[in-house]
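A short write-up of the structure that comes next.
Laboratory data are not the source of any read-out in this text; all were calculated from the coordinates shown. Please read these numbers as outputs of a predicted model, since none were measured by experiment. Quick reminder, even Gly has a Cβ in these numbers, built from the backbone with ideal geometry, and neighbours come from all protein chains shown.
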Amino acid sequence: MNIEQIYTGCLAQGAYYIESNGEVAIIDPLREIDPYIKRATADNATIKYIFETHFHADFVSGHVSLSKATGAPIVFGPNAVTGFDALIAKDLQEFKVGNVTIVVLHTPGHTMESTTYLLRDENGKDHAIFSGDTLFLGDVGRPDLAQKAGEITEKDLAGFLFDSLRTKIMPLADDVIVYPAHGAGSACGKNMMKETVDTLGNQKGMNYALRADMTKEEFIKEVTDGLAPPPKYFPLNVKMNKEGYDDIAVVQERGTRPLSPDELEVIANETSAIVLDVRHQNEYVKEHIPRSIFIGLNGSFAPWVGALIADVKQPIVLVVPEGLEKEAITRLSRVGFDNTIGFLKGGIEAWKAAGKEIDSLRSISADEAKVEIKEKSAEVFDVRKVGEYQSEHLVDAKSTPLSMLNSHLAEFPKETPFYIHCAGGYRSVIAASILKSRGIHNLVDIAGGFAAMRNADMNITKYVCPSTL
């Protein structure tokens, strides 16, 4: 038996490859399926089943394409309804993969179809669970992302999750290994650990949601308290995962169309396409196409695209480093953004050579910002997450989280200079690009973000441990 966790850091997502005696099961695959097929070919094995723990909201799974390519059936748990052929399993149904057995444990709560898959080894011993978004390390799946059916509320779902954990998962032995669908950084939970594998026994001892003395009412309150609004693209990803989507090869072919500067202008105007600049933030700061949006490939690219652009059908044209066109299109498609319609051939240099207008962003060091802010009594806007701000922030700075920037637009000065920052410089440039695209140009970015501001001995509030908030 071989178990491989295929972890994608920018999505904080874990897919799983399980091989035994020449047969393979794939759990929660990503959109690009070639790695799974190549892995099975290298093992001289056949992909027998594709298991889905639930209808994912934060990424588009590769189940439909992988099934078409291999003939392997797609398996969902009870209550799932799909727009394509799928095997809807019954609770406790067993599937043989080589010498091992995968048992369906229906664990509703995160969603009504949510299912945990229990892996038993060749001796029939419980070896591991693939818990999807039911159980994370240090947390559980938030109960407010499911497409609601009838009168079911998030509190109802939290109650179902309480029962699922206590009747299906907590009775398992402490040495059972937990393989979750997500780790720290995912928007599907609140307090996930940075580790991606653990034992169930350790989780029983430290995961707040698995406390033996916790009542259902206490669980519901803790699980539903402090939930940030889910990104707007989440229900659109659920729809694609339920109904199907274009093959990624089609998406890549459409997106890798090279465009001259003139062609880019025409297409952007005719289609209302967003010009998405995915270079490093320092390159964008120096020079960029006016009104283009920056979201760099070097950061949490796909989740920020989903959170800030939101509409997966939005046409996109790319400004991308040479050779990274396919990577950018693939990473966009992972979160359902399939409508990339081309990229700027020759990049920003071709744009300048064509005599097109160039814009830039003023970005200064924390030492310079310290002086200017004091001299001008200027306002400072912190675009980090609310929890980051509450833990520690510049005295008198305003909290305007990047994920909710559009709801704060009226707070930014229209004429007088103001300063923005994040933790390290990535998110503040994203925020600056959005503000500039909306006609707000009187802003200054603080390079290096809060880390640099602390080193510059700016007036910072007393640190509060985030876990106490």
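For the chain, adding -39500 (n - 2.57) for each run of n ≥ 4 DSSP H residues and dividing by the number of residues yields -8500 deg cm²/dmol at 222 nm.
If the chain linking Thr224 and Glu270 were pulled fully straight, counting 0.36 nm for each residue of separation and taking away their Cα-Cα distance, it would gain 12.2 nm. Neighbours of Ile129, meaning other residues whose beta-carbon lies under 14 angstrom from its beta-carbon, give a summed charge of -3 when Lys and Arg score +1 and Asp and Glu score -1. In segment 281-318, which residues have a backbone nitrogen under 16 Å from the label point lying 7 Å from Ala451's Cα in the Cα-to-Cβ direction? Within reach of a label on Ala451, which here means backbone N under 16 Å from a point 7 Å along Cα→Cβ, segment 281-318 contributes 281-282, 298-300.
With a Förster radius of 25 Å applied to the beta-carbon distance between Glu327 and Lys194, the computed FRET efficiency rounds to 0.50.
From the C-alpha coordinates alone, can you work out the Kirkwood hydrodynamic radius of the chain, in Å?
23.8 Å
Beta-bridge orientation, segment 311-469: approximately 5 percent antiparallel, per DSSP, counting only bridges with both partners inside. Computed extension length for Met206-Gln5: 70.1 nm, one decimal, from 0.36 nm per residue of separation with the Cα-Cα distance subtracted. Modelled label positions at Thr153 and Asn459, each set 7 Å beyond Cα in the direction of Cβ, lie 4.4 nm from each other. Gly439 sits among other residues whose Cβ lies under 10 Å from its own Cβ, and their net charge, with Lys and Arg +1 and Asp and Glu -1, is +4.
The phi torsions of segment 43-52, fed into the Karplus equation with coefficients 6.51, -1.76 and 1.60 and a -60° offset, translate into couplings of 8, 6, 10, 10, 6, 9, 9, 10, 9, 10 Hz, rounded to whole numbers, with Gly and Pro shown as x. As a length-normalised measure over Cα pairs under 8 Å and 6 or more apart, the relative contact order of the chain settles at 11 percent. When peptides 131-144, 104-117, 87-100 are sorted by average Cβ neighbour count within 10 Å, with the highest value leading, the order is 131-144, 104-117, 87-100. You can think of it this way: the chain between Thr215 and Glu392 has 60.4 nm of extra reach, that is 0.36 nm per residue less the Cα-Cα gap. In plain terms, the C-alpha convex hull of segment 199-286 casts an average shadow of 12.0 nm² when viewed from every direction.
What does the highest-first list of 164-171, 211-218 look like by mean Cβ count within 10 Å? List each step's numbers first, then the result.
Working: 164-171: 17.4, 211-218: 11.1.
Peptide ranking by packing, descending: 164-171, 211-218.
Counting only DSSP beta bridges whose two residues both lie in the chain, roughly 50 percent are antiparallel.
Taking a sphere under 14 Å around the Cβ of Asn21 and counting the other residues whose Cβ falls inside, with K and R at +1 and D and E at -1, yields a net charge of -3. Descending by average beta-carbon neighbour count within 10 Å, the peptides 391-398, 237-244 line up as 237-244, 391-398, the highest first. Round to the nearest 0.05 the FRET efficiency obtained for Lys352 and Glu122 when R0 = 60 Å and r is the Cβ-Cβ distance. The computed FRET efficiency comes out at 0.40. Modelled label positions at Met170 and Glu263, each set 7 Å beyond Cα in the direction of Cβ, lie 6.1 nm from each other.
With both bridge residues required to lie in segment 266-391, what share of the DSSP beta bridges run antiparallel, to the nearest 5%? If we restrict to bridges inside segment 266-391, about 10 percent are antiparallel. Dipole orientation for the chain: of the candidates Tyr49, Val75, Ile329, Ile329 has the Cα lying most toward the positive pole (charges on Cβ; Lys, Arg +1; Asp, Glu -1). When the chain is described by a simple charge dipole with +1 on each Lys and Arg Cβ and -1 on each Asp and Glu Cβ, the residue from Val395, Val285, Ile316 located farthest towards its positive end is Val395.
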